[in-house]
1. For the structure I just gave you, tell me whether residue A:128 is over 26 Å from residue A:176 (Cα atoms), acidic (Asp, Glu) and at the interface with another protein chain (Cβ under 10 Å from one of its Cβ atoms).
2. Can you spot a residue in region A:69-80 that is within 16 Å of DNA strand D (Cβ to nearest atom) and under 15 Å from residue A:176 (Cβ atoms)?
3. Contact list please: Cβ distance under 6 Å, first residue in region A:100-126 and closer than 13 Å to residue A:149 by Cβ, second residue among the polar types (S, T, N, Q) and assigned to a helix (DSSP H, G or I), pairs at least six apart or on different chains.
4. Answer yes or no: is there a residue in region B:16-25 that is outside the structural domain of residue B:175 (by TED's automatic domain parsing), in contact (Cβ under 8 Å) with a residue 24 or more places away in the chain and more than 15 Å from DNA strand D (Cβ to nearest atom).
5. So in region B:2-50, with the set limited to residues that are near DNA strand C (Cβ under 10 Å from one of its atoms), outside any helix (DSSP H, G or I) and closer than 14 Å to residue B:65 by Cβ, which one is farthest from the other protein chains (Cβ to nearest Cβ)?
6. Need a quick list: helices (runs of 4 or more DSSP H) entirely within region B:51-140 having at least 2 residues that are under 14 Å from the mean Cα position of the chain (by Cα) and at pLDDT 95 or above.
7. Only one of these is within 7 Å of chain B (Cβ to nearest Cβ), among the basic types (Lys, Arg) and surrounded by fewer than 19 Cβ atoms within 10 Å (Cβ to Cβ): A:195, A:160. Name it.
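The values are calculated or read from the model by the stated rules, or taken from the named source; none is laboratory data. Quick caveat, the model's predicted, so the values are computed rather than measured. Here the Cβ positions follow ideal geometry from the backbone for every residue, glycine too, while neighbour counts run over all protein chains shown.
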Protein chains: 2
Amino acid sequence: MRIGELSRRTGVSVPTIKYYVREGLMPPGELTSPNQASYGEAHERRLRLIRALLDVGGMKVADIADVLAAIDDRERPLHKVLGAAADLLGGANTEQDDPEEVAARAAVTDLISRRGWQTYESSPAAADLSRALAAMARLGHGAFVEVLDDYADAAEEVARADLAYVDRQVAVEDMVEGVVIGTVLGEAVFSSLRRMAHVDASAKLYGTDGPRERKAK
Amino acid sequence: MRIGELSRRTGVSVPTIKYYVREGLMPPGELTSPNQASYGEAHERRLRLIRALLDVGGMKVADIADVLAAIDDRERPLHKVLGAAADLLGGANTEQDDPEEVAARAAVTDLISRRGWQTYESSPAAADLSRALAAMARLGHGAFVEVLDDYADAAEEVARADLAYVDRQVAVEDMVEGVVIGTVLGEAVFSSLRRMAHVDASAKLYGTDGPRERKAK
DNA sequence: GGATAGCGGATAGTGCTGCTATCCATTCAG
DNA sequence: CTGAATGGATAGCAGCACTATCCGCTATCC
């Protein structure tokens, strides 16, 4: 398959494919002559993965390059690949030392030990959580920590479902890629579901028109 | 309070505050003389909200402007504000009609009716979900729909926790803003928790070093 | 065998986003 | 009275994900 057909089959323009190759997101085609290369199914699959991580997962090209490099590195142990993926999903780490930030970090440490989670307070996910909680506290929603355990219950439920899926579904050689897909796209899936459930719960609590309109008109 | 103090107290630079005002994210200060304005606590609070939605929620400035306009419009009923917020959180709607996309939409319709959710197939959240499921299917993970119900259980749990929190915590006049904060920042919170739970579940299943290393060394 | 479409490779440019820099005339604080 | 700060406006910048253009070559079709 040449680049034109690869482009047609994936809906990604030829210059964009070239760009991805340049950026190290996928290997170049195999040269059959000085200016002719052939691409295989692996390229097609990789391209779809890139588009999924970009469009659905909202990742940046540079971060995708890191994750894919980790996936391609067959020496790297699974948990390191996952660590690389998980670490790149979060926001930038703008370290602050507000009182809110400190309190949030303490709450996160508490949560981790209360849950008996094998995570570290210093992990990017924990840092993101602290930042989010600190932001809520600054907005007068410090009490949100009280529902953290409900959130954590749900998070554990999702994590169990993910692991079970990966465990039974994916062949071993694809496991790394499968887990990355599950981690990144699963987030998009859950996020949509949460918004849908939110609308539903709100409708059931307040009626379709919402509380503001109950005495209106 | 003048703009300099507002800047110092929030850590947002003066030109950036001016920029937010220009973009309609917050009202200008009250002019006390032709080139002197005073800002109040409402401005400070608004600025913190903007930074939270930007930095933690990952929203775009233009979308934040829309949401804040909805919040400020006291005529608008709660559910419309929430709709505006929820709709702006998703990705762009790149309509396609792959077989995968069609199948994914069918799966979503199924899910909604199975759950009895008061949502519509055409809502942005449902569209996002379809896109995510279609992307998974294209990557050979069509079987992911089998865990959708586990995800939905968790999503309902989170939505219930959110609603309960808002219901007991927030004064009525702040309810709209509170729900937006909960929706947007709650997503960041859950995302962090999911990644942490993921690491924990993985560690417990495979041991700290992951499966790849069990026979290494 | 000659036109033409496509190719690999490289460089420069584009549109969008979230600011940042600079300038100006005015005004407030010490 | 002087120097810092202010409101208002315009222009510029850095990062990102492409996109356009050009080059010399080659596979392909008639």
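1. On the way: over 26 Å from residue A:176 (Cα atoms): no; acidic (Asp, Glu): yes; at the interface with another protein chain (Cβ under 10 Å from one of its Cβ atoms): yes.
For residue A:128, the condition - over 26 Å from residue A:176 (Cα atoms), acidic (Asp, Glu) and at the interface with another protein chain (Cβ under 10 Å from one of its Cβ atoms) - is not met.
2. Keep residues of region A:69-80 that are within 16 Å of DNA strand D (Cβ to nearest atom), which gives A:69.
Still in the list and also under 15 Å from residue A:176 (Cβ atoms): A:69.
Yes, there is a match, as at least one residue in region A:69-80 is within 16 Å of DNA strand D (Cβ to nearest atom) and under 15 Å from residue A:176 (Cβ atoms).
3. Going by the 6 Å Cβ cut-off, the qualifying pairs are A:108/A:130.
4. Our first condition is that a residue be outside the structural domain of residue B:175 (by TED's automatic domain parsing); within region B:16-25, this holds for B:16-25.
Next, from what is left, pick out any that are in contact (Cβ under 8 Å) with a residue 24 or more places away in the chain: B:17, B:20, B:23-25.
Keeping just the survivors that are more than 15 Å from DNA strand D (Cβ to nearest atom) gives none.
There is no residue in region B:16-25 that is outside the structural domain of residue B:175 (by TED's automatic domain parsing), in contact (Cβ under 8 Å) with a residue 24 or more places away in the chain and more than 15 Å from DNA strand D (Cβ to nearest atom).
5. B:23
6. Values: elements: B:61-72, B:78-89, B:99-115, B:124-138.
Ranges flagged: B:61-72.
7. On the way: A:195 fails: surrounded by fewer than 19 Cβ atoms within 10 Å (Cβ to Cβ).
Answer to the selection: A:160.
Here is a yes/no grid of residues against (1) surrounded by 19 or more Cβ atoms within 10 Å (Cβ to Cβ); (2) of a type outside the set (Val, Ile, Thr); (3) within 7 Å of another protein chain (Cβ to nearest Cβ):
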| residue | (1), (2), (3) |
| --- | --- |
| B:80 | no, yes, no |
| B:98 | no, yes, no |
| B:122 | no, yes, no |
| B:132 | yes, yes, yes |
| B:144 | yes, yes, yes |
| B:176 | yes, no, no |
